[in-house]
1. Which of the residue pairs B:K44/B:K288; B:K167/C:K340; B:K248/C:K367; B:K9/C:K434 have a Cα-Cα distance greater than 27 Å in the structure shown?
2. Once whole DSSP H runs in chain B are found, which of them have Cα atoms spread over 18 Å or more along the helix axis and a mean Kyte-Doolittle score of at least 0.5?
3. How much length is gained if the chain between A:W29 and A:L486 is pulled fully straight, taking 0.36 nm per residue apart and subtracting their Cα-Cα distance, in nm to one decimal?
4. I need to check one value: relative contact order of chain C, counting alpha carbon pairs closer than 8 Å and at least 6 residues apart, in percent.
5. Pull out the extension gain between A:E57 and A:K109, defined as 0.36 nm times the separation in residues minus the alpha carbon to alpha carbon distance; nm, one decimal.
6. Mind checking the angle between helix C:152-181 and chain C's longest principal axis? C-alpha axes, 0 to 90 degrees, to the nearest 10.
7. In degrees, nearest 10, range 0 to 90: what is the angle between the Cα axis of helix A:456-467 and the longest Cα principal axis of chain A?
8. Averaged over its residues, how many other protein chain Cβ atoms are within 10 Å of peptide B:113-124's Cβ atoms?
Amino acid sequence: MNFVQNIPALSILLLMFCGIVCLVLPARWARHLADCAIALVCAASVVLWVAFLRGQEVFTYSMGEIGAPFGNELRAGMLEAAAATLFSAVTLLSILGGRAHLRADIGKKKVNLYYISVLFLLCSMLALVYTNDLFTAYVFVEINTITACGIVMSKEDGYTLAASMRYFIMSLIGSGLFLIAVSILYALTGHLLMSNIQEEVAALYASGQYRAPLQVSIALMGVGLSLKSALWPFSSWLPDAHSSASASSSAMLSGLVLKSFIFLLVKVFYRVVGVTIIPTHAILDLLLVFGILGMIMGSVNALFERDIKRMLAYSSIGQIGYIFCGIGLGTIAGVAAAMVQIAVHACTKAMLFCAAGGLMDASGGSKKFKDLEGAGRRDTYAGVAFIVGTLSMIGIPFFGGFITKLSLVTAAVEVGGWRNTLSILAIIVSTILTAIYYINVLAIIFRGAETGPTTAREKLREQWKKQMRLDTEYELAIVLFILLNLAIGLQSDRLMDVIRTGLAMFG
Amino acid sequence: MTNVYTLLKITDKLTLQFGSDPTGRFFLCLVTIMWILVGIYAQKYKEHQKHNARFFTFYILTWVMLASLTMAANYLTMYLCFEFMTLLSMPLVLHNGTPESIAAAKKYLFYSIFGATLGLMGMFFVNTYGTTLAFTAGGVLDPAKIAGHETLILWVAFLSIAGFGAKAGLFPLHAWLPTAHPVAPAPASAVLSGCITKAGVLCIIRLVYQIYGVQLLRGTWVQMALIILALITVFMGSMMAFGEDLMKKRFAFSTVSQVSYVLLGVFTMNETALLGALLHAAYHSIIKDGLFLCAGTIIFWTHKEHVSEMKGLGRKMPVTFGSLAIFSLGLVGIPPFAGFLSKWYLASGSLSEGLPVLSWLAPAILLLSALLTAGYLFPICIHGFFPAEGEPEAEGKEGSALMLVPILILAAATVLIGIFASPLKDALQAAAATMF
Amino acid sequence: MNGIAILIVIMLPILGGALLPLLDFDARKARMYYVMAIVLATSVLCLSLISGSEGTQFVLYHLTSTIDIAFRIDRFGSVFALLVSVLWPLSTLYAFEYMSHSHKRNRFFGFFTMSFGITLGVAFSGNLITMYLFYELLTLSTLPLITHDGSREAKVAGVKYLVYSIAGATAAFIGMIAVLTRGGSLEFNVIGLGSAVTEANRNFLDAAFLFMFFGFGVKAALFPLHGWLPTAGVAPTPVTALLHAVAVVKSGVFAIGRVVYYTYDAGYLAGSIVQKVALWFAAFTIVYGTVMAWKELHFKKRLAYSTVSNLSYILFAFLLATPQGLTAGLLHMIFHGLMKIALFFVAGAVMHQSGKTYVTELGGFAKAMPISFGVFTIASVALIGVPPLCGFLSKYAIAVAAVDEGSVSGYLGIAALLISAVFTSMYLLTIVVKAYFPGEGFDPASLKDVKEANWYMTLPLIALAVLMIVLGCLPGGLTQFIAGTLADAFPGL
């Protein structure tokens, strides 16, 4: 066993450990520790990824050397390593990008708690990525929920508290359904390790026994995880939660938390149910239809928003719809498209939320469009970030969004029948709507006065410009996000290879 | 065609070429002489109207295009001259600037363009199914290429010929004529009726004889349909003229009818009929120009436009009404005035062609039309010289020499060409022969 | 080396334009010199590329294993690039004067110049994906130009334009990917779809063709996707003239030409059901656009509908899928560009000098603005198709191509062409008559404040008039240039 095989376990444990340590550290130290820990985990994941690129085989890692079927297992392949890298990188950049707001939004006493939440959040996400055991998955799902609520709630105002409560409740329902599904599966198969369960499930399917409970459990798992990843119509909690939270939190929530559940869902479908069986299940059609509706409804709602963070939140619902549409198509190409979208959306949406924070800063803290006029000129980094984000969302080549559109269309075109028609129509409609509201934002934030400030509002804006604090971490984060987006756009071949190899290793 | 001169080679197949052949020369002389005479007349008439510089500019430019059309050696050149002639003659129609004249000019414009567009369609097909666009006796269509597409080619021929007929007032595209004439100044009406309609005739002659060829068209439904259209026009024109009180409009309907005499001869497709057609073209030009100049004189001096108002006017304007009488006699076709010979040849040409029904129907309608012509022309003179008892006499006076001399020349021509018919007839007979 | 030159010719105006809002010229002259310098340099460079570097291919980047961003200079693209690079300097000159009283001129000229580079990007694209990239960018760069004056009407027009364009581009994208997944190539290398055309794939490829046809057909103003064009008449005239009569709409037509001849190849389409469907839509649009133009009284909207109709002349010619169809379509693409831009310029001059926007208000204008209306008359007569002006040649070429092709749909198109010619004369000549002969009851004093536009606007007009006449009489050089596309598109010939 070579060193890299330790990385998954070490990453998770390191984060947990640092999180606990942060409890006793003063605020500044906690911050530095969190930054370093996450950076380290990111670097480690890259090492693991490179190892896989060089030919490392898929491996499982027994926790505590207790063998299956009693012990706990982690399993890592190309896809998991890539996901881990992505999650940790985006977390780091989100924290950097939203640091100024953290200072402003969170009380001095609570800063430690925030970083603890972040560390445990990333830990749970990585656990969901690496785990090979259903119950462990459930445990970390719950940890994820709690810490996610934590980072929302840390900004203490009434609105946020109400939103996070709602988020909490909806999430718990989702976790509950997941737990029920796990219980059923345990009862039917007697195993908790995913690979073992898969053998049993295959046998049960072949024999035809217990068909109904099996179907129900798969369905419950699907619905439960969809609830947590904001599939329409289970997404009503999202706009409030994501828009009221602080910039870093919104970035992490929209960009990563939702995705970690989707990753788990795909893992369940591949590793627990199996690639051959899952396309026969109606859950895929359900995910497809709801995904499509989400694509459209998310964009429709975003169109009417006059608050930039709510608009970005609804946009997330739309983009999550793309992912579920890809999964729902039922082909490997579809899942690959979903994975690409996970990567691209993580980078893009996190960037946009950080940039939104910057725009708000340049507008006296207001989120409303009417105050954001010209903000793109006052805060150029945010302006450029929004241009890049818009071009990516519309699907201009060279940007990440083009690759997701390309993969999703490729997958949709190959599928036959009603799925083909519906997805194509949905792609067209949602691209149009997305273009409209993003270009609208661009028009607003770049609106410049022809002459000097005349109205009261314009004078106010001049004041805001002077009040803006230049923050190097923020600028660095934005630049790195843009580069990440471009990297995906320019190196999509490598990315698709990674995903395909990863999916092959997955099941 | 002799003396072919290529003005411009646009592409390999599309060239602007001019040349002279007997038919073309005939029309050139005809329109030029008419243009000069009416031009002299207009020197006096222009006192009646404004913006004369504009009028004469377009007057001359129209002649230039018309003359070029007579000398056109291929389909493209003819089409170009046709279109430009339409565009340049339109301002003559709307010259007076009244809303009616502007509306009439637009009607003229669009009917002509519609007709020309149909004519253009012919060019598209001739390009593919023919050997060249240049006018060649016997037609230019390649029998090998046409094989299998006869219906298509016949329809194209029919539509393109009928299209150019718009300028010649062929039913159903004649409606612009009666609208345009009353509102245009008299000199303009004169050349419009007398000469510009002949441009349409010439285009049709070119298409029938030198593009599609008599061999293709003779005996087909196309020939029958065209003759029927011409006959309808002959009859209808006369009928409408008969009932019309506005003098210039009466003459306009008369033009509609008379030009279709010419077209009848062209469509009958034998040498005699064609001779009759060409003769009638000459006669009609002379006579109709004369009639319109008389109408203009009357309007100029008395401002009267309706026939019913002109009772007894002849006594006050003897020269004008005398000439009118001569023109009427000619148009009705009473020997020895010009007008008889053409009808004779038209009738005999039709009878000798041997088409079912139409052979005898055509002469019959010609006869009927002659009666109607008498009916709409003679009363003008009669009432002019011999108003009924108890009718008030109209006021008027005779005009200046500038206006009377052209009228008299035309009247003299009507008489002389009628009596000494041979020179013209021989020349035109030679011209007609070149078409076959 | 030549490959980099292609990149320069595209990026120079894009970067130059993008810099303009940053450079933020206050002085009008400074901005003028800057913009004109960039535009002229680009045009000159482009013309030298067209004449000297044909056959260059340049791959900029491999986006995925099957998709590249690549450029090429072939005759088909050169024809389009020629049109665009000749007309852009003229339009820029015109725009200087027209926009002299407008606001936000830096932004306007910034996007105006960027659009030049992007259009050249469309012309020099080496495959469908590259063309798609620039096609989408063109929508984005022309959007601020439409909404320039900030009025409610302009914003509505902008949204409509955006919706239609993105819908079309996405549909075309889907068609492209469909072709790609079935083993076809998106490169413009003229072997057609090659081995991808099997019995099994036929329906699939037909559907993909229709997606691309209607998708690109949005910019080509095909019925029923033309709705954005008349509404876009609210934009400043230089925009409507250059972009919506030349650059944007011709990009749509150009894209369809690429799909027909360089992706699918003429042999696939000839006689197929999709060809019939497409021809019928084109023929219908010809008549529809003309009739709507005749009914429309707003000057620029009338010309916009005329554009709708004329674009389908080009589409119709392309869809015949024959060598004559290809050359005829390209000829009309160029000639229509000249004629329509002249007509729009006159409409703009009228609006600029007198504020009048309806054709019913133009009585007697010919005397007040003789040069403008002289050119208008020439352009009208050309558009109607009277020889020896240029419009006759292109219409003639299209009709003859249809006769040669010989199918029923072809004849339908000829009928549409002829109907359109008559209506065109009606909607254009009524303006000419009204301007020259306002009739009695017209008071010349009402126009005493209306003067001819200054040389910035009249010089382009005169240049265009000269081109229309000269190219109509002596088209030899141009037709030969266009005929060069046949070597590529019909290699067997």
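1. Details: B:K44/B:K288 19 Å; B:K167/C:K340 30 Å; B:K248/C:K367 32 Å; B:K9/C:K434 35 Å.
Those over the limit are B:K167/C:K340; B:K248/C:K367; B:K9/C:K434.
2. Working: long enough: B:22-45 (34 Å, 1.08); B:52-70 (27 Å, 1.10); B:75-93 (27 Å, 1.43); B:99-129 (45 Å, 0.72); B:150-164 (21 Å, 1.83); B:221-242 (31 Å, 2.07); B:247-268 (32 Å, 0.69); B:271-302 (46 Å, 1.07); B:318-332 (21 Å, 1.80); B:340-353 (20 Å, 0.20); B:358-385 (40 Å, 1.70); B:401-419 (26 Å, 2.73).
The answer, listed by residue number, is B:22-45, B:52-70, B:75-93, B:99-129, B:150-164, B:221-242, B:247-268, B:271-302, B:318-332, B:358-385, B:401-419.
3. On the way: separation 457, 0.36 × 457 = 164.52 nm, distance 3.34 nm.
Answer, rounded to one decimal: 161.2 nm.
4. Values: 828 pairs, mean separation 71.0, N = 493.
Here the relative contact order equals 14 percent.
5. Taking 0.36 nm per residue and subtracting the Cα distance, the gain is 14.1 nm.
6. Taking Cα atoms only, the helix is inclined about 20 degrees.
7. The helix A:456-467 is inclined about 70 degrees to chain A.
8. On the way: counts 10, 7, 1, 6, 10, 2, 0, 10, 7, 0, 3, 12.
Across the residues of B:113-124, the mean count of other-chain Cβ atoms within 10 Å is 6.
None of the figures in this text is laboratory data; all of them are computed from the coordinates on show. Bear in mind the structure is a predicted one, so any value in this text is a computation, not a measurement. Neighbour counts run over all protein chains shown; Cβ positions are idealised from the backbone, glycine included.
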